[in-house]
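A short write-up of the structure that comes next.
The values are calculated or read from the model by the stated rules, or taken from the named source; none is laboratory data. As the structure is a computational prediction, the values presented were derived from the model and not from experiment. Cβ placement follows ideal geometry from the backbone for every residue including glycine, while neighbour counts extend to all protein chains displayed.
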DNA sequence: CTCTCCTCTGGAACCGGTTCCATGTTTCCA
DNA sequence: TGGAAACATGGAACCGGTTCCAGAGGAGAG
């Protein structure tokens, strides 16, 4: 018989197989795997050799169970509803890769039901070491539960007073856009934004609020009829814009709550033969990549950076450094291009 | 003393804690958790109640270790280099959500080094139950290794003879685009595509090959000088287009290997005052969402569907249904808009 | 009344790592 | 030469599930 009993069948080798073949204890193999200095060179070499020979790969699941950490962070977001979310995700992924160590578990949320599922699933204590929530506001109850379970959570593009978050001042953003248009001499300014959704995205409404504030400050009374809201998306924005442009006394400028919607405005203008910027000035929000192609004037928010910053806050929390429910504000600037 | 010893400290309750409190064995608790019929109603109720009282959540890591499955699939892709990848990912995520059960572990690859890391990481037997590789060609060695480790793999938008894959016929795509332009009367047709990269993306070159074939078939000799290649991206495409348009005898039509590059062509044309489509016809490839906004004529490939289909093949492979190294071809059609 | 058969149950063994403890071996100094 | 300190090592116990096996109890058949 073989003095070193071979593994039965062709199951993947385990740390014990390695130990047996290398004639050392499992502890030594584990120490070699983890680069512990407490191993003689001789043993280290023998173990390494055996690992290669057997084609051994440690089981990350077993490691996770033993360590009590998953080395994964969850990202919950409505990925495909908004272009800007993809850009934020990019910041998240890049920063996380720089740090090494953590993998990204993706949870896309497009419906209310999925939303509940996602939070439910992640609340499960040990699936991820931390959670990044983008553009979705968790309920007080959900927050309480995550805190009870000791799950570190950071929000991006959405606020909750009990959680650390990276956001922008949407009201200010609306003001900035409006002031830009006012400075260009416009006084009749339309708005195309999101209708309220059960998700409670609030950005669009806050931006509109900022617009109204800026108008009032300039002595102009906001006109409700000039403010149109619909589902988020280019197609819907086209329709809303058509209605604005078909008015008896149409606006000379439109502030769109997002670049995607601004694209809809541009498309509607083109379809109706309205020249931009001569007959209609258009300003968007976000500065996604296509904005440059289209020459869209827009309010830039640093999407990628907010993703990256969210990761940093989350890793701090995971690694035990205290992170209170701080709010970080990202900066906003108007990028002037050809549409306004 | 308490007849039922309480857990020490405030560690999360385990299945044994539940068993103790409910005065049943761990086996019964496990059976309740997994909806086994082999449990009396009385025991089931008692266990459920205890679970609620203790706020017990099963550890998915422990479950994974015990089951030998991770219930996760890995997706390796160069996410942010190409708009089309995001759209494919969308198909992947949506289909996977329909099926429930599996989570998505994301691996973004933007550099060669990351590429090696990603395959290395995933080759680790137990991290994921299956792997979806998008737009990245694994080497023979990498493929051999994954097969040795028994990891199911499906490719999307890239081919390898040993693996199941969902692709398009890029040569045919090039032919279709070219024939469309030929039918419009163009004979001097330029090309803007990707320079060869160490990743070995081959689509662009194959599409160019299709173009040349179509030209020859129409009795036109392809002109190398009209075929420009550069890094993938809008900016680079602008530069390439500038050079094409600055030629003594510029092309009257340009076929861009992707919509992103077609956008660059449009931008260059606008900058140089070249009218589209009067002076220059432009056709792209992919039909990403922005193509509609820009009115870009393009060759549509069903991006989302290929992602979804890839998931189906992968799940079949994971669940043990034999999936040979089949090749599935997605359909291609020209979407006529305003640029050609 | 006994013998099956079926339902339900408890708990040990297992999945594959990490860690800690007890023990052995060297080294070095008094 | 004795003994402490430092290093190296093997292996049991542990992480928290699942599963299998043996056995208890009850119902039904002969």
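Residue check: residue A:243 meets all listed conditions (1) out of contact with any helix residue (DSSP H, G or I) (no Cβ under 6 Å at 6 or more places or on another chain); (2) touching a residue at least 24 places away in the same chain (Cβ under 8 Å); (3) surrounded by 15 or more Cβ atoms within 10 Å (Cβ to Cβ); (4) part of a helix (DSSP H, G or I) but one, namely (2). Annotation: residue A:313 fulfils all but one of (1) touching a helix residue (DSSP H, G or I) at 6+ places or on another chain (Cβ under 7 Å); (2) within 22 Å of residue A:146 (Cα to Cα); (3) not in a loop (DSSP other than H, G, I, E, B); the unmet one is (1). For residue B:325, indicate whether it is in contact with a strand residue (DSSP E or B) (Cβ under 9 Å, 6 or more places away or on another chain) and surrounded by fewer than 21 Cβ atoms within 10 Å (Cβ to Cβ). Yes.
Within region B:21-52, the set of residues being in a loop (DSSP other than H, G, I, E, B), within 8 Å of DNA strand D (Cβ to nearest atom) and surrounded by 13 or more Cβ atoms within 10 Å (Cβ to Cβ) comprises B:25 only.
Results for (1) away from DNA strand C (no atom under 16 Å from the Cβ); (2) surrounded by 16 or more Cβ atoms within 10 Å (Cβ to Cβ); (3) over 21 Å from residue B:165 (Cα atoms), shown as yes or no for each residue.
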site	(1), (2), (3)
B:54	yes, yes, yes
B:58	no, yes, yes
B:65	no, yes, yes
B:86	yes, yes, no
B:93	yes, yes, no
B:132	yes, yes, no
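The set of residues in region A:123-142 that are more than 10 Å from chain B (Cβ to nearest Cβ), in a helix (DSSP H, G or I) and more than 18 Å from residue A:198 (Cβ to Cβ) is empty. Within the set B:101, B:120, the sole residue that is at positive phi and either out of contact with any strand residue (DSSP E or B) (no Cβ under 6 Å at 6 or more places or on another chain) or at the interface with chain A (Cβ under 8 Å from one of its Cβ atoms) (or both) turns out to be B:101.
Among the residues of region A:269-285, just one is closer than 21 Å to residue A:86 by Cβ and away from chain B (no Cβ under 14 Å), namely A:285. Just need a number here: residues in region A:42-83 that are more than 10 Å from chain B (Cβ to nearest Cβ) and touching a strand residue (DSSP E or B) at 6+ places or on another chain (Cβ under 6 Å). Result for region A:42-83: 3. Residues in region B:265-283 that are touching a residue at least 40 places away in the same chain (Cβ under 8 Å) and touching a strand residue (DSSP E or B) at 6+ places or on another chain (Cβ under 7 Å): B:265, B:266, B:276, B:281, B:282, B:283. Which residues, counting only those in region A:318-340, are outside any loop (DSSP other than H, G, I, E, B) and in contact with a helix residue (DSSP H, G or I) (Cβ under 7 Å, 6 or more places away or on another chain)? Within region A:318-340, A:328, A:334 qualify. Can you say whether residue B:71 is within 22 Å of residue A:70 (Cα to Cα), surrounded by fewer than 18 Cβ atoms within 10 Å (Cβ to Cβ) and either within 16 Å of DNA strand D (Cβ to nearest atom) or without any contact (Cβ under 8 Å) to a residue 40 or more places away in the chain (or both), as far as the supplied structure shows? Yes.
With respect to residue A:194, determine if the residue is crowded, with 23+ Cβ neighbours inside 10 Å and either within 14 Å of another protein chain (Cβ to nearest Cβ) or modelled with pLDDT of 90 or more (or both). Yes; evaluated as a whole, the condition is true for this residue.
Does region A:102-114 contain any residue that is part of a loop (DSSP other than H, G, I, E, B), out of contact with any helix residue (DSSP H, G or I) (no Cβ under 6 Å at 6 or more places or on another chain), more than 24 Å from residue A:199 (Cα to Cα) and without any contact (Cβ under 8 Å) to a residue 40 or more places away in the chain? No, because not a single residue in region A:102-114 is part of a loop (DSSP other than H, G, I, E, B), out of contact with any helix residue (DSSP H, G or I) (no Cβ under 6 Å at 6 or more places or on another chain), more than 24 Å from residue A:199 (Cα to Cα) and without any contact (Cβ under 8 Å) to a residue 40 or more places away in the chain.
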